[in-house]
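The values are calculated or read from the model by the stated rules, or taken from the named source; none is laboratory data. Everything numeric here is computed off the predicted structure, so don't read it as measured data. Cβ coordinates were reconstructed from backbone atoms using ideal geometry, including for glycine residues, and neighbour counts include every protein chain displayed. Each accessible area value is taken on the protein alone, full model and side chains, heavy atoms only, with ligands, DNA and RNA left out. Shrake-Rupley method; radii C 1.70, N 1.55, O 1.52, S 1.80 Å.
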Amino acid sequence: KNDEILIVQDYLRITFGNEEIKLESLKEDNLNSIFINNSRIGNIFRDIDPYDKEVTYTVSIPISLSGENDISHQQYLIDLLGTDKIFLTGRGSIDDSQEVYLKRAEDDEYIGIVYKNDDASYTFTMSILDFDL
């Protein structure tokens, strides 16, 4: 639904402080593309729990870094999303992923994970619950 897309789009714009974030509906009911400055950066999926009817949105953004690139995953997301408030931390003994946070005045906010795919590429995922909106 268009109004739902606009609500999630506004949430992402506020979260990252970037008015250039835009969601566009695809033909599939539960999938939308995420654009920044007319460049497609990833997808957002909509899922409804069949038992309690709660809606969850999952942001999925591939991190495209070549082996020759010295840029970190953190810097990639900062540059891509247009905010210097993003930072990544380790996950203890788990070495194939990092937690993603936003710097906030009072408490830093956990927003997602960067994880390693099977082919050595990485993906940033973020869940948005219906009560977040």
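From A120, A105, grab the single residue that is farther than 25 Å from L6 by Cβ, open to solvent by 80 Å² or more (accessible area, probe 1.4 Å) and out of contact with any His (no Cβ under 6 Å at 6 or more places or on another chain). Give the derivation first.
Numbers: A120 fails: open to solvent by 80 Å² or more (accessible area, probe 1.4 Å).
Selected residue: A105, the only one of A120, A105 that is farther than 25 Å from L6 by Cβ, open to solvent by 80 Å² or more (accessible area, probe 1.4 Å) and out of contact with any His (no Cβ under 6 Å at 6 or more places or on another chain).
For the range 7-56: of the residues being in contact (Cβ under 8 Å) with a residue 60 or more places away in the chain and of a type in the set (D, E, K, R), which is farthest from S127 (Cα to Cα)?
E20
Output yes when any residue across the range 54-74 is under 18 Å from R13 (Cα atoms) and open to solvent by 80 Å² or more (accessible area, probe 1.4 Å), and no when none is. Outline the logic, then answer.
Looking only at the range 54-74, we keep the residues that are under 18 Å from R13 (Cα atoms), and these are 56-61.
Next cut, open to solvent by 80 Å² or more (accessible area, probe 1.4 Å) only: none.
Within the range 54-74 (the criterion being under 18 Å from R13 (Cα atoms) and open to solvent by 80 Å² or more (accessible area, probe 1.4 Å)), the answer is no, since none of the residues qualifies.
Which residues, counting only those in the range 1-40, are surrounded by 14 or more Cβ atoms within 10 Å (Cβ to Cβ) and part of a strand (DSSP E or B)?
Residues satisfying the conditions are I21, K22, L23, N32, S33, I34, F35, I36.
Would you mind listing the strands (runs of 3 or more DSSP E) fully within the range 48-122 where at least 2 residues are among the small types (G, A, S)?
In the range 48-122, there are no strands (runs of 3 or more DSSP E) which contain 2 or more residues that are among the small types (G, A, S).
Mind listing just one residue for me: the one in the range 76-100 that is within 12 Å of T15 (Cβ to Cβ) and of a type outside the set (G, A, S) and, of those, most open to solvent (accessible area, probe 1.4 Å)?
Let us first name the residues in the range 76-100 that are within 12 Å of T15 (Cβ to Cβ), namely 81-83, 85-86, 100.
Add one more test, that the residue is of a type outside the set (G, A, S), and what stays is 81, 83, 85-86, 100.
Working: L81: 4, T83: 13, K85: 93, I86: 2, V100: 1 Å².
Top of the filtered list is K85.
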